[in-house]
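The values are calculated or read from the model by the stated rules, or taken from the named source; none is laboratory data. All values reported here derive from a predicted model rather than from experimental measurement. Neighbour counts are summed over all protein chains in view; Cβ atoms, including those assigned to glycine, are modelled from backbone coordinates with ideal geometry. Surface areas here come from the heavy atoms of the whole protein model, side chains and all, with no ligands, DNA or RNA. Shrake-Rupley method; radii C 1.70, N 1.55, O 1.52, S 1.80 Å.
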Amino acid sequence: MHQTPPPLPRLLLIEDDLISRSFLQTALEALPAQVDCAETLKGALDCAGQHDYALWLIDVNLPDGRGSDLLEQLRRDHPLTPALAHTADTCDALARQLRDDGFENVLVKPLSRESLLRSVRAALPPVATDLQALPAWDEARALSALNGQQAHIKALRDLFMGELPSVRDAIAQALRDEDRGQLQQQLHRLQASCGFVGAARLGAAAAQLQQQPENPAARASLTQAIQQLLLN
């Protein structure tokens, strides 16, 4: 049975400044994540009425209202969705007030890409995909990716399995070094390779770890998925 990888988390970014919005959106999409954008309180409410979001990122000051007022309105229908505030104001009193208003954290602009992604990953709900429900090898997916060429699948899988130990070691080293850039690069390449050869369970585990590299369960799931392939 053909199994699809877990969906990307959907985030709502509310930011009226074009430059800030472009930077934040590009950085967030690298989680990886699907990012919807709104420029106003009204626009954010319209988006929230059409989609469920894993996380809201709300500008403190919007053209038509306050970020805290927007959060209060959003929480009426979605009381459990986490939210991050972002602002250029460095006032400690404001940060305390925003947390009292219900924000998990306050991001002060300008901020680095890594700082943004670290805060977002910490705020996102834990991954919960049942990886064992996915097949180790998804023949239908591999055939689809390679236009039904069975001989190509075998050749690519042989190459994939030959490289897997070194990929495993590179990921482990990036985790030990806390090198987020190298980790994301290795996981992105691994996920793409899994798609071509139909390694469904490992591809899903790589996607989960991309989303939450600090999550011990996601790290353990990737290790287990790799070992299951290597031992078969």
Within the stretch 118-172, residues modelled with pLDDT under 85, hydrophobic (A, V, I, L, M, F, W, C) and over 24 Å from Gln184 (Cβ atoms) come out as Ala133, Ala140, Ala142, Leu143, Leu146, Ala151
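Listed here are the residues, each with its yes/no results for (1) in contact with a helix residue (DSSP H, G or I) (Cβ under 6 Å, 6 or more places away or on another chain); (2) acidic (Asp, Glu); (3) farther than 28 Å from Asn215 by Cβ; (4) in contact (Cβ under 8 Å) with a residue 60 or more places away in the chain.
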{"residue": "Leu74", "(1), (2), (3), (4)": "yes, no, no, no"}
{"residue": "Pro82", "(1), (2), (3), (4)": "yes, no, no, no"}
{"residue": "His86", "(1), (2), (3), (4)": "no, no, no, yes"}
{"residue": "Leu98", "(1), (2), (3), (4)": "no, no, no, no"}
{"residue": "Val106", "(1), (2), (3), (4)": "yes, no, no, no"}
{"residue": "Leu124", "(1), (2), (3), (4)": "no, no, no, yes"}
{"residue": "His152", "(1), (2), (3), (4)": "no, no, yes, no"}
{"residue": "Ala155", "(1), (2), (3), (4)": "no, no, yes, no"}
{"residue": "Asp158", "(1), (2), (3), (4)": "no, yes, yes, no"}
Taking the stretch 37-60 and keeping residues surrounded by fewer than 18 Cβ atoms within 10 Å (Cβ to Cβ) and touching a helix residue (DSSP H, G or I) at 6+ places or on another chain (Cβ under 7 Å) leaves Leu45
Within the stretch 106-116, does at least one residue satisfy the condition of being at pLDDT below 90, part of a loop (DSSP other than H, G, I, E, B), open to solvent by 60 Å² or more (accessible area, probe 1.4 Å) and within 26 Å of Gly43 (Cα to Cα)?
no
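Would you confirm whether or not the stretch 167-177 contains a residue that is surrounded by 15 or more Cβ atoms within 10 Å (Cβ to Cβ), over 16 Å from Glu214 (Cα atoms) and either hydrophobic (A, V, I, L, M, F, W, C) or touching a Gly at 6+ places or on another chain (Cβ under 6 Å) (or both)?
Among the residues of the stretch 167-177, at least one is surrounded by 15 or more Cβ atoms within 10 Å (Cβ to Cβ), over 16 Å from Glu214 (Cα atoms) and either hydrophobic (A, V, I, L, M, F, W, C) or touching a Gly at 6+ places or on another chain (Cβ under 6 Å) (or both), which makes the answer yes.
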**OP:** Could you please let me know if Gln34 is at pLDDT 95 or above and either basic (Lys, Arg) or surrounded by fewer than 20 Cβ atoms within 10 Å (Cβ to Cβ) (or both)?
**Re:** no
